[in-house]
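Down below is the structure, laid out as structure tokens.
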Amino acid sequence: MDYVKWSDEYMQQARNLLTVIEKKKKLLRNANADEQHSLNADIIQLRNIYYECMLTAKHLLERAGVMDNAA
């Protein structure tokens with residue numbers, strides 16, 4: 001199993017999430033109160049997923065290091 005490649009895929013997903021988050025932040029500027037509430041809820045959820053992707057990517061890189069040291 002290629003942990004580094006797997007980690008890179010999680011990092012790419014994290015970058016994609018940041019792009020979506022930034023788009024939603026721009027939408028906030030012209031949104032009414034209800035839309036702002038919905039957009040903020042979406043942003044919070046996306047940030048949580050982003051952090052999970054980053055943690056998983058880090059864990060996979062650490063696992064790759066363990067696997068390399070064992071060889």
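We did not get these values from a lab; they are worked out from the coordinates using the rules stated. None of the values given here were measured: they were computed from a predicted structure. Cβ placement follows ideal geometry from the backbone for every residue including glycine, while neighbour counts extend to all protein chains displayed.
Each label was represented as a point 7 Å from its Cα along the Cα-to-Cβ direction; for E9 and E35 these points are 3.7 nm apart. So which residue, out of R15, R29, R47, gets the largest mean-square fluctuation from a GNM of the chain using Cα contacts under 10 Å as springs? Result: R29 has the largest fluctuation of those listed. The helix-based estimate of mean residue ellipticity at 222 nm for the chain, built from -39,500 (n - 2.57) per DSSP H run of four or more residues and divided by its residue count, is -32500 deg cm²/dmol to the nearest 500. Extending 7 Å from the Cα toward the beta-carbon at both L27 and D42 defines two label points whose distance is 0.2 nm.
Checking [x] 51, 19, 19; [y] 40, 29, 16; [z] 58, 14, 13 against the coordinates, the calculated Cα extents along the principal axes in Å falls under label [z]. Spin-label model, D2 to E62: label points 7 Å out along the Cα-to-beta-carbon direction sit 2.4 nm apart.
Per residue, the average separation of C-alpha pairs within less than 8 Å and at least 6 apart gives region 3-70 a relative contact order of 56 percent.
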